[in-house]
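**Q** Have a look at the structure that comes next, please.
The values are calculated or read from the model by the stated rules, or taken from the named source; none is laboratory data. Only a predicted model underlies this, so the values are computations on that prediction, with no experimental measurement involved. Glycine also receives a Cβ, built like all others from the backbone with ideal geometry; neighbour counts cover every protein chain displayed.
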Amino acid sequence: MILRGVDGCPGGWLAASLDLANGQVTGKVFAEDAVELLHDPRVLVTAIDIPIGLPGRDLPRRVDAVARGLLKGRASTVFPAPPRAALGVRPYASACDAAQAETGKRMSQQAFAILPKIEAVDKVLRESPELVTRVFEVHPELCFYFWASQEKATPIRHPKHSGFGFVERFELVRGAFGRAAEEIRETVPRAKANDDDILDALAALWTARRIHAGIAVTLPEGEERLDEFRLPMRMLV
């Protein structure tokens, strides 16, 4: 059986998978359509960095604001999930118009850039709703925030694209997963995944372990809000 942390990457999805039988962590890039990624019956938990439950006209998504409130100084890394009305809409101006008509707010460039990935995951989960019991939304910066707070009693201090920020995150990853980051780097071409994608996938895997152990924190705490297709609007850490 396998636990999996997933981050979007130039090649599609980078999955860091932990084999519970032998403790080995491996990395693999999956195609962007997400079918093979999410339907693997061996995977008990998939922690994936992508919005799952999506907002609508009278259905706000509070988790994004909660996450931004925790990540002081790096709140911009959490951008509002696009409304369902914007799915499948191109180009950017038209998607913004659809979002504004639905929620009163335009869509960020960051959200539009990952719209194909959001659509791919949404399609799989709507067609196979049973997967919501083992596919969970996470955000790597929140994972690192909680991880560092536990290991070092202080949150991550530097942006991930800075030298200091990379070292902070790499130290946490190496402490938990040994040489997994280096070994994934040796097997996954740079054209398909960046170094920070590897660290983010392993941060998601850290949370996947917590979900499997039953100790993960759900944000927002004490609230279970579902979108119109009964997909949960939450993040786990």
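**Q** Please name all residue pairs, on different chains or six or more residues apart, with Cβ atoms under 8 Å, provided the first residue is in the range 126-140 and is touching a residue at least 40 places away in the same chain (Cβ under 8 Å) and within 26 Å of residue 71 (Cα to Cα) and the second residue is among the acidic types (Asp, Glu) and part of a strand (DSSP E or B).
**A** 140/7
**Q** Also, I was wondering about something else. Can you name every residue in the range 102-132 that is under 23 Å from residue 38 (Cα atoms) and small (Gly, Ala, Ser)?
**A** Selection gives 111, 113, 120, 128.
**Q** Ok, one more. So residue 62 passes all but one of these: (1) surrounded by fewer than 16 Cβ atoms within 10 Å (Cβ to Cβ); (2) in contact with a Pro (Cβ under 9 Å, 6 or more places away or on another chain); (3) without any contact (Cβ under 8 Å) to a residue 24 or more places away in the chain; (4) over 26 Å from residue 176 (Cβ atoms). Which condition number does it fail?
**A** (3)
**Q** What pairs can you find where one residue is in the range 17-32 and of a type in the set (Lys, Arg), the other is in a strand (DSSP E or B), and their Cβ atoms are less than 8 Å apart, with a gap of 6+ or different chains?
**A** 28/14; 28/15; 28/17
**Q** Determine which single condition residue 33 fails, assuming it passes every other condition in (1) within 15 Å of the chain's Cα centre (by Cα); (2) modelled with pLDDT under 90; (3) among the acidic types (Asp, Glu).
**A** (1)
**Q** Tally the residues that are within 20 Å of residue 171 (Cα to Cα) and without any contact (Cβ under 8 Å) to a residue 24 or more places away in the chain, restricting the search to the range 188-208.
**A** Counting residues in the range 188-208 that are within 20 Å of residue 171 (Cα to Cα) and without any contact (Cβ under 8 Å) to a residue 24 or more places away in the chain gives 0.
**Q** Report, by residue number, each residue of the range 222-237 that is outside any loop (DSSP other than H, G, I, E, B) and surrounded by 15 or more Cβ atoms within 10 Å (Cβ to Cβ).
**A** Listed by number, the residues that qualify are 232, 235, 236.
**Q** Residues in the range 192-203 that are surrounded by fewer than 20 Cβ atoms within 10 Å (Cβ to Cβ) and assigned to a loop (DSSP other than H, G, I, E, B): how many?
**A** Selection size over the range 192-203: 2.
**Q** Residue 42 passes all but one of (1) under 19 Å from residue 224 (Cα atoms); (2) touching a residue at least 24 places away in the same chain (Cβ under 8 Å); which number fails?
**A** Condition not satisfied by residue 42: (1).
**Q** Name every residue in the range 65-80 that is in contact (Cβ under 8 Å) with a residue 40 or more places away in the chain and either over 17 Å from residue 143 (Cα atoms) or among the charged types (D, E, K, R) (or both), in order of residue number.
**A** Within the range 65-80, just 74 meets the criteria.
**Q** Residues that are among the hydroxyl-bearing types (Ser, Thr, Tyr), at pLDDT 95 or above and in a helix (DSSP H, G or I): does the range 204-221 have at least one?
**A** yes
**Q** How many of the residues in the range 107-128 are more than 15 Å from residue 8 (Cβ to Cβ) and modelled with pLDDT of 95 or more?
**A** 5
**Q** Further, regarding this structure: Hey, residue 189 hits all of (1) within 23 Å of residue 30 (Cβ to Cβ); (2) of a type outside the set (Phe, Trp, Tyr); (3) touching a helix residue (DSSP H, G or I) at 6+ places or on another chain (Cβ under 7 Å); (4) surrounded by fewer than 21 Cβ atoms within 10 Å (Cβ to Cβ) but one; which does it fall short on?
**A** Single failed check for residue 189: (3).
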